[in-house]
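Worksheet for the structure shown next.
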Amino acid sequence: MNRHSLFFAGMVAISLSVGAQSVSLPKVMGDAEKQTKIMLYGLKAITPGPDSSFSPRTLVDGKLKLVSSRDWTSGFFPGELWFLYQYTGKEEWKKAAQTYTARMEREKLNGTTHDMGFKIYCSYGNGYRLTKDAAYRQLIIQAARTLSTRFNPRVGCIRSWDHHKELWGYPVIIDNMMNLELLFEATKLTGDPSFYKIAVSHANTTMRNHYRADYSSFHVVDYDTATGRIVKRMTWQGYSDSSAWARGQAWGLYAYTMCYRETGDKTYLRQAEHIAAYILPKLPEDKIPYWDFNAPGIPDEPRDASAAAVIASGLYELSRYSDQGKAYRQMADRILQSLTNHYRSEIGASSGFILLHSTGSKPSKSEVDVPINYADYYYLEALLRSSAARRAAGQ
């Protein structure tokens, strides 16, 4: 038995010995409805700012921080509303989702960002999946066209950031893998293979250049656009250039699983399995990661519930494709149960956010140990995927 197999055999034994159980989906989703109604009520009392801020991102000094559609997190709240509609079938959630999704419309032409998947696919993508609205379909296609303009064929990747040009020339961040789902969808909707080809090129280049021998990921890789060669590898939100920023590892696990789903290429499946084999033994006892796996002050470092939610959601999907599916599903159950039992807000508190204790960027002292909308988004997605994974396993 090889090292990879030994790890999973041990993981199954550990999961079974603690008797990991799934959460009560009706109860937890009912609680999520209550919290989201509180948030919607609070939003009605806020006068929109001059930048048309509308999407709740986090809490600052106990008050909702709203962002405009230009912010990379703006699509998550509309996506949460679509998840509630998906689960309940209630017209009130559909109407709320349509209202907040419509406020994302102008982003379809925003070529200054790589975050088109986060913004458009989490909002319009979920909306189209559930309603088949033809207008949503066309907007998804246009957004994919806009995102494609940021692709450099010599580098083989979509450019991430345009800021801090004194630090890098052509930065590509591991987060950018999450935006490829939009491109895969555009090819399915149009039959145009160019979107698919860009997504595959980006995934392959990232797999080759972002990952270390142990399958941990660098955060940022900077490229020379003239030659396509790597200039440097570094971090922006992690502890150090050589560390493993927790949410970055989570993005990779989730995204390479998605790439396997969209392409059937087992190279991506193996990559996702390798990333899982790196992450899972390093999780603390309650399975919620510290903000960076190499943070020097562990166990006194902040946790990142958002990374845990992304990992759980990714594991549920990975469990449907991998020979190690049972072990992945059990570990995802443990993460989800820990988030549910120990990281949720009390009902009626936190202005309606669901999860507490996420870390956006500790190096910049930004959003440390606070609720963040993308934690709630991937938590709700993980809840829905947990049910789908069990059905697929015949449970």
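Here are some notes:
- For the pair segment 374-395 / segment 61-100, the C-alpha centres are spaced 18 Å from each other.
- Label-point separation, Asp241 to Arg106 (7 Å along Cα→Cβ), nm: 3.9
- Based on DSSP H segments of at least four residues, each scored -39500 (n - 2.57), the chain has a per-residue ellipticity at 222 nm of -16000 deg cm²/dmol.
- Relative contact order for the chain, counting Cα pairs under 8 Å that sit 6 or more residues apart, in percent: 17
- The packing ranking, built from the mean of other Cβ atoms within 10 Å per residue, places the peptides 310-323, 222-235 in the order 310-323, 222-235, highest first.
- Ranked by the mean number of other Cβ atoms within 10 Å per residue, highest first, peptides 168-177, 58-67, 73-82, 204-213 order as 73-82, 168-177, 204-213, 58-67.
- In this calculation the C-beta distance from Thr227 to Glu33 is compared with R0 = 51 Å, giving a FRET efficiency of 0.45.
- Legend: residue pairs Lys282/Lys326; Lys94/Lys119; Lys37/Lys326; Lys44/Lys287; Lys282/Lys362; Lys165/Lys365, Cα-Cα distance threshold 27 Å; pairs beyond threshold, Lys37/Lys326; Lys44/Lys287.
- Overall form of the chain per C-alpha gyration tensor (a/c, 1.5; a/b vs b/c): rounded
- Reducing segment 324-362 and segment 259-323 to their Cα centroids gives an inter-centroid distance of 14 Å.
- Potential lengthening between Thr267 and Ser366 on full extension [0.36 nm per residue; Cα-Cα distance subtracted]: 32.0 nm
A short reminder: the numbers here are calculations on the coordinates, not readings from a lab. Given the structure is predicted, the values throughout are model-derived calculations rather than measurements. Don't worry about glycine lacking a Cβ; one is built from the backbone with ideal geometry, like all the others, and counts go over all protein chains shown.
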